[in-house]
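Below is one structure, written out as structure tokens; comments come after it.
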Amino acid sequence: MTDAIDVRAESAAAAPPAKGGLLGRFAAQYGNVSTPFEVVTPDGALTRFGKGTPAFRLTIKNQNGTRAVTSLDEGRIADAYLAGDLDLEGDMEKPFALRGDMKDSHLWTEAWRYIQPLLFGQVHTNKQAISSHYDIDSSFFLAFLDPKTPAYTQGVYERDDETLDVATTRKFDYAFEKLGLKPGDHILEVGPGWGAWFEYAAPRGIKCTGISISKESIRFLTEKGRRLGYDWELIESDLFDYKPAVKYDAIVIMGVIEHLPDYQRVLEKFMTLLKPGGRIFLDGSACTKKYELSSFMVKYIYPGNHSFLVLDDFLNKLAKTPLQVEEIFNDTWSYYLTFVQWAKNLDAHKEMLVSKFGDFDFRRFRLYLWGATYEFLTRSLTCYRMIIRFPEGTSGK
């Protein structure tokens, strides 16, 4: 997280919130907030909320920003921030504490998530959703992922002050050991991203196949594998369309189950891809309610019927198959620490990212990364990793 903002000389003269003034309902709602912050209105006036040193500053640039803030609608406020009508500086975890007192009712945005797969099918919906998030030039993601191990999923931390590279390598060590991998084994990674797991597994004698519906991921990994001298097999395919002629010793799916909410269909597909006796490493961000996403996340980050992992639903579907869970761990704090590092990295590369990709893409990922950081901190989001075994003597369809 970033430090609290410097309190400038003007802050000493900051006025307390006037409930009937320009900020209207917003001032009435947050006049006695526990997290102190300040608001700069378009006329330059500075208003202080709460007691103590302000943790962050909200700057309202124009009338559109004022209307969004006074609506107390988090979706409209997010829209205004992305449009540049609002600015935020200071400790970027703290603004999200205000969300609990806001509404976020956008019925058409919510309804379209479910109408789209009904009209066009799940595979088409997946392609549209993945393309909108991942098919930016890879240099955008590489600006905030760890430069040594660019994995778009959490590390496993033993200490808060460890580097993301150390934490991610620890997770890879765990996955390699628990999957029982050995030289000559053939693994399938669903959503190989920027190749961090492949770079770990290939030097250990593992044959690597990856499937993705991100054209940019396939392009990037093809060039990367060629440059490093690895014969990675890369296939542009949706999981549900994938019909290989071989079966795999293991499946690795890191941070992708959130895009695959039909757990029964996913698990049945895994059984067609695995050799009996094979194992699956699976992890993902989780919550307790299926398909629960803010309108900001649906519109700008994960469109379609994306859903955080719902553990009881997943385990219920798994119990109806021959698959067996061998281990489950809660990695919530590790994902918090991971998101903190990603968000800091993004902020550190602001100038380059805005210059190359524009202010909009920088702002939407900034809001996403810091928002998720807060959700993991408060445990509104959790995270699980697990090892699943396909027992010998069983077979997939």
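Observations on the structure shown:
- Table column - 3J(HN,Hα) (Hz), segment 152-163, Karplus curve with 6.51, -1.76, 1.60, x for Gly and Pro: 8, 7, 6, x, 10, 9, 9, 9, 5, 8, 6, 6
- Cα gyration tensor, segment 126-389 - rounded (a/c under 1.5), prolate or oblate: rounded
- Between the C-alpha center of segment 35-77 and that of segment 309-386 there is a gap of 27 Å.
- The magnitude of the dipole of the chain, with charges of +1 and -1 set on the Cβ of Lys/Arg and Asp/Glu and taken from the Cα centre, is near 660 debye.
- Antiparallel beta bridges, as assigned by DSSP with both residues in the chain, represent about 50 percent of the total such bridges.
- Unit charges on C-beta of K, R, D, E only; dipole of segment 235-364, Debye: 180 debye
- In this structure, S237 and T378 have a Cβ-Cβ separation that, at R0 = 41 Å, corresponds to a calculated FRET efficiency of about 0.65.
- Cut-off of 10 Å, at most 11 other beta carbons, DSSP loop: longest stretch of the chain lacking such GluC sites (Glu not before Pro): 159-391
- With the helix formula -39500 (n - 2.57) applied to DSSP H stretches of n ≥ 4, the chain reaches a computed 222 nm mean residue ellipticity of -12000 deg cm²/dmol.
- Segment 318-377 - charge dipole about Cα centre, Lys and Arg +1 at Cβ, Asp and Glu -1, debye rounded to 20: 260 debye
- Lysines whose Cα lies under 28 Å from that of K182, excluding same-chain neighbours fewer than 8 positions away: K148, K171, K207, K224, K243, K247, K269, K275, K397
- Dipole axis of segment 313-386 (+1 Lys, Arg; -1 Asp, Glu on Cβ), positive-most option in V354, Y384, T321: V354
Every number in this text was worked out from the coordinates using simple rules, so none of it is lab data. These figures come from a predicted structure and were not determined experimentally. A quick note on method: Cβ atoms are made from the backbone with ideal geometry, for glycine too, and the neighbour counts reach across all protein chains shown.
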